[in-house]
Amino acid sequence: MECTITQQIFKAEQTLKTAMLCSDTALLAELLADNLVFINHHGRRLSKQDDLDLHASGQLCITSILLEDLNVITMGDMAIVHVNADITGEYDGQNANGQFAFTRV
């Protein structure tokens with residue numbers, strides 16, 4: 001049975017979620033785009049390397065991620081993913097719980 005692009009994206013989102021929960025920097029390095037721009041809960045822009053460094057150092061520790069309203073829009077050979085995430089964890093020793101919205105291309 002052939003996997004549709006939407007099914008592949010749902011699977012990739014689950015893999016990313018698992019990598020984030022485990023701080024699996026090797027897998028995150030594979031999954032994250034080299035030109036990643038991540039806005040953290042303080043409004044600071046982070047690069048892919050910044051994100052990997054936070055996981056590797058233990059400064060970022062995510063204990064749960066609940067993905068909601070995952071929406072995939074396909075356009076030819078491109079897809080845009082919108083997802084809301086309820087995240088529980090710590091950032092630099094402080095609670096960093098919240099509801100976040102992500103857009104991925």
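If you go through the range 49-105 and keep only what is within 25 Å of PHE10 (Cβ to Cβ) and among the hydroxyl-bearing types (Ser, Thr, Tyr), you end up with THR63, SER64, THR74, THR88, THR103.
Only one residue in LEU67, LEU27, LEU36 is closer than 28 Å to THR6 by Cα, open to solvent by less than 50 Å² (accessible area, probe 1.4 Å) and assigned to a loop (DSSP other than H, G, I, E, B). Which one?
Sole residue among the options that is closer than 28 Å to THR6 by Cα, open to solvent by less than 50 Å² (accessible area, probe 1.4 Å) and assigned to a loop (DSSP other than H, G, I, E, B): LEU36.
Against the list (1) at pLDDT 95 or above; (2) more than 15 Å from the chain's Cα centre (by Cα), the condition ILE62 fails is (2).
A single entry from ALA79, ALA85 fulfils the requirement of being in a strand (DSSP E or B), of a type outside the set (S, T, N, Q) and under 13 Å from the mean Cα position of the chain (by Cα): ALA85. A count restricted to the range 73-87 and to residues that are surrounded by fewer than 13 Cβ atoms within 10 Å (Cβ to Cβ) and among the charged types (D, E, K, R) stands at 1.
Give the residue that is farthest from the chain's Cα centre (by Cα), with candidates limited to residues of the range 88-105 that are surrounded by fewer than 16 Cβ atoms within 10 Å (Cβ to Cβ) and aromatic (Phe, Trp, Tyr).
Step one: list which residues in the range 88-105 are surrounded by fewer than 16 Cβ atoms within 10 Å (Cβ to Cβ), which gives 88, 90, 92-95, 97-103, 105.
Now restrict to residues that are aromatic (Phe, Trp, Tyr): 100, 102.
Working: PHE100: 10, PHE102: 8 Å.
Across the range 88-105, the extreme among qualifying residues is PHE100.
Just wondering, is there one or more residues in the range 92-104 that are at pLDDT 95 or above and among the basic types (Lys, Arg)? No, the conditions are met nowhere in the range 92-104. Before we move on, is ALA56 small (Gly, Ala, Ser), farther than 21 Å from ILE5 by Cβ, open to solvent by 50 Å² or more (accessible area, probe 1.4 Å) and in a strand (DSSP E or B)? Taking the combined requirement at face value, the residue does not satisfy it.
The values are calculated or read from the model by the stated rules, or taken from the named source; none is laboratory data. Computed from a predicted model, the values in this text were never measured in an experiment. Note that we place each Cβ from the backbone using ideal geometry, even for glycine, and neighbour counts take in every protein chain shown. Each accessible area value is taken on the protein alone, full model and side chains, heavy atoms only, with ligands, DNA and RNA left out. Shrake-Rupley method; radii C 1.70, N 1.55, O 1.52, S 1.80 Å.
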